[in-house]
1. Which residue out of 92, 75 is hydrophobic (A, V, I, L, M, F, W, C) and crowded, with 20+ Cβ neighbours inside 10 Å?
2. Would you call residue 65 at pLDDT below 95, in a loop (DSSP other than H, G, I, E, B) and among the charged types (D, E, K, R)?
3. Could you run through segment 95-130 and say how many residues are surrounded by 13 or more Cβ atoms within 10 Å (Cβ to Cβ) and farther than 26 Å from residue 266 by Cα?
4. Can you pull out the residues in segment 27-38 that are surrounded by 14 or more Cβ atoms within 10 Å (Cβ to Cβ) and part of a helix (DSSP H, G or I)?
5. For segment 184-236, which residues satisfy the criterion of being part of a helix (DSSP H, G or I) and either crowded, with 20+ Cβ neighbours inside 10 Å or not aromatic (Phe, Trp, Tyr) (or both)?
6. Every residue in segment 114-130 that is outside any loop (DSSP other than H, G, I, E, B) and under 18 Å from the mean Cα position of the chain (by Cα), please.
7. Looking only at residues in segment 81-113 that are touching a helix residue (DSSP H, G or I) at 6+ places or on another chain (Cβ under 8 Å) and in a loop (DSSP other than H, G, I, E, B), which one is nearest to residue 163 (Cα to Cα)?
8. What about residue 276, is it under 21 Å from residue 120 (Cα atoms), more than 18 Å from the chain's Cα centre (by Cα) and touching a residue at least 12 places away in the same chain (Cβ under 8 Å)?
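The values are calculated or read from the model by the stated rules, or taken from the named source; none is laboratory data. No experiment lies behind these values; they were computed from the predicted model shown. Cβ placement follows ideal geometry from the backbone for every residue including glycine, while neighbour counts extend to all protein chains displayed.
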Amino acid sequence: MKLLKLIIKKTLIFKVLIQFINIFRYSLSYVSRGNLLGGFYWFYLRHKVSLLGNSAGSKFYDNYKLTAPLAKEGLMQINSLSKETVAKLEKLFLESQSENYSSLEDFIDSKKRKNEVRPSGISIALNKQMINQVFEELDLLPKVKEYLDLQENEIYFSANIDCLLNVDETPEFEERSINALEFHRDIDSLAFVKAFCYLSNINNGCGEHQVLIGPHTKLPLALRIISRFSYNELIKKAPHLKLKSIYGASGYSWLEDTTMFHRGTVPIKAHRLMLSLSFNDARSAKHIHERYYYPLDPKL
């Protein structure tokens, strides 16, 4: 009987059924708070995007003038942030902490002594001056609008700065970092795209971001289930995917369709400070993201 249960749990039908149940149960949490549309969109988009893909970037390649590499490969390099802006973002990150730190190194040393391997990030989405500066330097909005096929007043966004520390791998590290450090696909709304900006120099061993390049429309159903996967699992079932590690100096930035498999890596040589910007269709995002997502002001 135990063997039979084990075999059933490994079947694709069982995994699809469990995903359906889990999504349905979480949808009810929105309904219980009186957010009926949140419950509907959560149930709909988690199934739709996981099985059929992101609504963004789904048109013919000829329709993308500014974001052709993004539509074709799933990511593209964009303008880098200036040293001055990176310094301002670092300062903002430090000033937003509950304790006072004289420098980023002071912050890192303090967190490492406490074994806080992945300190909580901060949201800067409501800092309009800083957001304006970032958008302008990256020349971001025209690309985001084209890829999403939406106007500013149809977009919600978030902006967060996150730090990953170079602490020796421990059970605590694995427990607090597994969500980002295993390959996964994001399912944030019906249509979305993200921009990432390194705020520290990232070389091999510094927590570099990794992406599996290749057509994700060819994924077998087993890999469309909402889950986390090891590199070996993915390559075995989808050998056409190619690993790409993203390195760059402080300020290096890129756009990414994060419905591609991606992950962060364990920093063993230095810390990683990174700005993440998420742009989502307002139609679904405003109902399911109840914190840290805001309308993209057309005046920005």
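1. Numbers: 92 fails: crowded, with 20+ Cβ neighbours inside 10 Å.
Criteria check complete, one pass: 75.
2. On the way: at pLDDT below 95: yes; in a loop (DSSP other than H, G, I, E, B): yes; among the charged types (D, E, K, R): yes.
Here the answer is yes, as residue 65 does meet what is asked.
3. Of the residues in that region, 3 qualify.
4. Of all residues in segment 27-38, those surrounded by 14 or more Cβ atoms within 10 Å (Cβ to Cβ) come to 27, 30-31, 35, 37-38.
27, 30, 31, 37, 38 - these are the residues of segment 27-38 that are surrounded by 14 or more Cβ atoms within 10 Å (Cβ to Cβ) and part of a helix (DSSP H, G or I).
5. Step one: of segment 184-236, the residues part of a helix (DSSP H, G or I) are 216-218, 221-223, 231-236.
Listed by number, the residues that qualify are 216, 217, 218, 221, 222, 223, 232, 233, 234, 235, 236.
6. Applying the first criterion (outside any loop (DSSP other than H, G, I, E, B)) to segment 114-130 yields 122-123, 128-130.
Once the filter is applied, which keeps residues that are outside any loop (DSSP other than H, G, I, E, B) and under 18 Å from the mean Cα position of the chain (by Cα), segment 114-130 yields 122, 123.
7. Out of the qualifying residues, it is 97.
8. Working: under 21 Å from residue 120 (Cα atoms): yes; more than 18 Å from the chain's Cα centre (by Cα): no; touching a residue at least 12 places away in the same chain (Cβ under 8 Å): yes.
Judged against the criteria, residue 276 is not a match.
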